[in-house]
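All remarks here apply to the structure that follows.
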């Protein structure tokens, strides 16, 4: 079974409020996020419905501890393994001999779903978070 991966991009914007008072210079915050950042892992944790390009639908439970489980719609386990974030990609490594596979997520649509593709464009899926 093809491994599906979810990729989210998170960004923070700061707005400056107008003021007539002089303010002390502020050092820019370090925006580097470690691959094992538990806040990012916590934000990504949840259950997702994944529709493969061939129409196959699976559910994926992404855990904050860096593990995942894929199940069919009847609840039968299909695969499990570990996930990690690497730049703009989310990479999944299934238990066993299968090679790790990475995915890049697109911008969410009005319904919250988004498209994810492999870096080489050979596979794609539509992903929607259904539970936190």
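Run down 75, 55, 81 and say which single residue is at pLDDT 95 or above and in a strand (DSSP E or B).
Of 75, 55, 81, the one residue that is at pLDDT 95 or above and in a strand (DSSP E or B) is 81.
Can you tell me which condition residue 40 does not meet? The list is (1) surrounded by 14 or more Cβ atoms within 10 Å (Cβ to Cβ); (2) out of contact with any strand residue (DSSP E or B) (no Cβ under 7 Å at 6 or more places or on another chain); (3) not in a strand (DSSP E or B), and all the others hold.
In the conditions (1) surrounded by 14 or more Cβ atoms within 10 Å (Cβ to Cβ); (2) out of contact with any strand residue (DSSP E or B) (no Cβ under 7 Å at 6 or more places or on another chain); (3) not in a strand (DSSP E or B), residue 40 misses (2) alone.
Go through the range 108-121 and report how many residues are touching a residue at least 12 places away in the same chain (Cβ under 8 Å) and within 21 Å of residue 47 (Cβ to Cβ).
Residues in the range 108-121 being touching a residue at least 12 places away in the same chain (Cβ under 8 Å) and within 21 Å of residue 47 (Cβ to Cβ): 6 in total.
Rundown of residues vs (1) surrounded by fewer than 14 Cβ atoms within 10 Å (Cβ to Cβ); (2) over 19 Å from the mean Cα position of the chain (by Cα); (3) assigned to a strand (DSSP E or B); (4) at pLDDT below 50, yes/no style:
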position: 3; (1), (2), (3), (4): no, no, no, yes
position: 6; (1), (2), (3), (4): no, no, no, yes
position: 10; (1), (2), (3), (4): yes, no, no, yes
position: 32; (1), (2), (3), (4): yes, no, no, yes
position: 59; (1), (2), (3), (4): no, no, yes, no
position: 92; (1), (2), (3), (4): no, no, yes, no
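Looking only at the range 81-90, how many residues end up being farther than 19 Å from residue 132 by Cα and either buried (at least 18 other Cβ atoms within 10 Å of the Cβ) or touching a strand residue (DSSP E or B) at 6+ places or on another chain (Cβ under 8 Å) (or both)?
Residues meeting the conditions: 4.
If a residue must be loosely packed, with under 15 Cβ neighbours inside 10 Å and touching a helix residue (DSSP H, G or I) at 6+ places or on another chain (Cβ under 9 Å), how many such residues does the range 64-80 contain?
Within the range 64-80, residues that are loosely packed, with under 15 Cβ neighbours inside 10 Å and touching a helix residue (DSSP H, G or I) at 6+ places or on another chain (Cβ under 9 Å) number 2.
Looking only at the range 94-110, which residues are surrounded by fewer than 15 Cβ atoms within 10 Å (Cβ to Cβ), touching a strand residue (DSSP E or B) at 6+ places or on another chain (Cβ under 7 Å) and closer than 16 Å to residue 127 by Cβ?
107
The values are calculated or read from the model by the stated rules, or taken from the named source; none is laboratory data. Worth saying up front: this structure is predicted, and the values here are computed from it rather than measured. When we count neighbours, we look across all protein chains shown, and the Cβ atoms used for this are built from the backbone with ideal geometry, even at glycine.
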